[in-house]
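The values are calculated or read from the model by the stated rules, or taken from the named source; none is laboratory data. Quick caveat, the model's predicted, so the values are computed rather than measured. Methodologically, a virtual Cβ is constructed for each residue, glycine included, from the backbone with ideal geometry; neighbour enumeration extends over all protein chains shown. When the accessible area is computed, the model is the full protein with side chains, heavy atoms only, and any ligands, DNA or RNA have been set aside. Shrake-Rupley method; radii C 1.70, N 1.55, O 1.52, S 1.80 Å.
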Amino acid sequence: MSDGVRLSLDAAELLAFEALQANRTSPEADGQGGHGLSRVPSYAAQARSGKVDGFAVPWVEQIAPAALRVDAGLGFAYPAIALALDRLVPLARSSGI
């Protein structure tokens, strides 16, 4: 039985980056770091199959004093969530939430 493969952090990041890029994902795409490498195969498969647009650019707009509309553009959720979170904290503070 194998003890697995050991990679440096830089090598692991490069491996994940290259795997995603080879499977129709933008070089700018970024995920949830807390998941480690466990989801790279499924993310790559989703982009390769077209289930997720690996080149989508999420957008956000304020639709009310204390509400945002976020659209991931059929892409991965994490870039859209990150975009929204950057705006939600100041919005919540300014609206008294």
Find the residue count for the stretch 18-34, including only residues that are closer than 20 Å to residue 83 by Cβ, without any contact (Cβ under 8 Å) to a residue 24 or more places away in the chain, open to solvent by less than 90 Å² (accessible area, probe 1.4 Å) and not small (Gly, Ala, Ser). 1
Out of 60, 52, sole residue that is open to solvent by less than 50 Å² (accessible area, probe 1.4 Å), assigned to a loop (DSSP other than H, G, I, E, B) and modelled with pLDDT of 95 or more: 52
Would you confirm whether any residue within the stretch 37-49 is without any contact (Cβ under 8 Å) to a residue 60 or more places away in the chain and closer than 25 Å to residue 87 by Cβ? yes
Residue within the stretch 65-79 that is part of a strand (DSSP E or B) and without any contact (Cβ under 8 Å) to a residue 12 or more places away in the chain present: yes
Qualifying residues in the stretch 1-12 (those that are open to solvent by less than 90 Å² (accessible area, probe 1.4 Å) and outside any loop (DSSP other than H, G, I, E, B)) - the one farthest from residue 80 (Cα to Cα): 11
Given the structure, is residue 15 surrounded by 14 or more Cβ atoms within 10 Å (Cβ to Cβ), assigned to a helix (DSSP H, G or I), touching a strand residue (DSSP E or B) at 6+ places or on another chain (Cβ under 7 Å) and modelled with pLDDT under 95? no
